[in-house]
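*Asks:* Okay, handing you the structure first.
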Amino acid sequence: MDVEITGHILDFKGRKAALVLIHDVTEQKRADAQLQLSEQRFKSLIQDGSDLIGILDITGNYSYVSPTSVSVLGIEPSEFIGKNAFDFIHPDDKEEVISQFSRLVTDKRISIPPFRFKNKDGEWRWIETVVTNLLDDPAIMGIVANSRDVTDKEHLFGELKASESRYRDWETDRKSTRLNSSHEFVSRMPSSA
């Protein structure tokens with residue numbers, strides 16, 4: 001049991017007296033320890049995770065960005081604060097991302113398919129994002145964007161599509177060549193009249 005003891009010297013009917021209060025603080029200490037553990041866990045998830053986490057207002061301006069922005073994009077979190085997320089999005093992808101983002105008026109959570117996002121070096125990284133509307137949550141008061149760099153996956157997908165396209169072209173050429181050869185063969189055959 002954890003206790004807190006406080007004492008005061010009083011004058012009681014002309015005599016010195018001690019007032020000692022003993023207060024059980026076991027539950028408070030347990031709650032404080034759990035809160036500290038929870039905060040450490042949250043901090044570890046945010047700082048050591050691979051996802052980029054940001055809090056934005058309804059127009060897309062950043063109010064918070066996790067430290068992982070450095071490892072994901074090479075950009076310090078402070079460089080995002082007050083800036084609009086849509087300014088970092090590739091012009092060809094921006095309209096679709098804004099359209100998806102606007103769905104937060106009716107949907108609490110949406111997944112935005114991969115789009116290109118500019119990193120510190122001006123390169124375009126493919127990012128997939130889940131955004132959650134927590135504007136009504138007093139602890140957040142914003143839209144939480146949880147993003148992951150999927151550039152390697154997108155490049156592999158592009159290579160796979162190109163390979164499939166080359167295969168289809170080859171297959172079409174092969175069938176066409178076979179048909180042409182068959183037609184030539186038939187046209188060269190002597191007619192049996």
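*Asks:* Among the residues of region 33-71, how many are open to solvent by less than 30 Å² (accessible area, probe 1.4 Å), part of a helix (DSSP H, G or I) and at pLDDT 90 or above?
*Replies:* Of the residues in region 33-71, 1 are open to solvent by less than 30 Å² (accessible area, probe 1.4 Å), part of a helix (DSSP H, G or I) and at pLDDT 90 or above.
*Asks:* A follow-up question, please. Report every pair of residues separated by at least 6 positions or lying on different chains whose Cβ atoms are under 6 Å apart, first residue within region 7-30 and free of Cβ contacts under 8 Å to residues at least 24 places away in the same chain, second assigned to a strand (DSSP E or B) and open to solvent by 80 Å² or more (accessible area, probe 1.4 Å).
*Replies:* Once the first residue is free of Cβ contacts under 8 Å to residues at least 24 places away in the same chain and sits in region 7-30, its partners that are assigned to a strand (DSSP E or B) and open to solvent by 80 Å² or more (accessible area, probe 1.4 Å) give Gly7/Val20; Ala18/Ile9; Leu19/His8; Ile22/Ile5; His23/Glu4; Val25/Glu4.
*Asks:* Okay, moving on. For region 79-100, enumerate the residues that are over 13 Å from the mean Cα position of the chain (by Cα) and open to solvent by less than 20 Å² (accessible area, probe 1.4 Å).
*Replies:* Phe80, Ile89, Val97
*Asks:* Being at pLDDT 85 or above, of a type outside the set (D, E, K, R), in a loop (DSSP other than H, G, I, E, B) and open to solvent by less than 50 Å² (accessible area, probe 1.4 Å): is that true of Ile75 here?
*Replies:* yes
*Asks:* Is there any pair linking a residue in region 120-138 that is under 13 Å from Arg109 (Cβ atoms) to one that is of a type outside the set (Val, Ile, Thr) and open to solvent by less than 50 Å² (accessible area, probe 1.4 Å), with Cβ under 7 Å and at least six apart or on different chains, and which?
*Replies:* So the pair list comes out as Thr129/Ala145; Thr129/Ser147; Val131/Phe101; Val131/Leu104; Val131/Ala145; Asn133/Leu104; Leu134/Gly142; Leu135/Gly142.
*Asks:* Find the residue count for region 89-112, including only residues that are closer than 14 Å to Val144 by Cβ and either free of Cβ contacts under 8 Å to residues at least 24 places away in the same chain or among the β-branched types (Val, Ile, Thr) (or both).
*Replies:* Result for region 89-112: 3.
The values are calculated or read from the model by the stated rules, or taken from the named source; none is laboratory data. If you're wondering where the values come from, they're calculated on a predicted model, not measured in any experiment. In this analysis, Cβ positions are derived from the backbone assuming ideal geometry, glycine residues included, and neighbour counts consider all displayed protein chains. Just the protein is used for accessible areas: all its heavy atoms, side chains included, with ligands, DNA and RNA removed. Shrake-Rupley method; radii C 1.70, N 1.55, O 1.52, S 1.80 Å.
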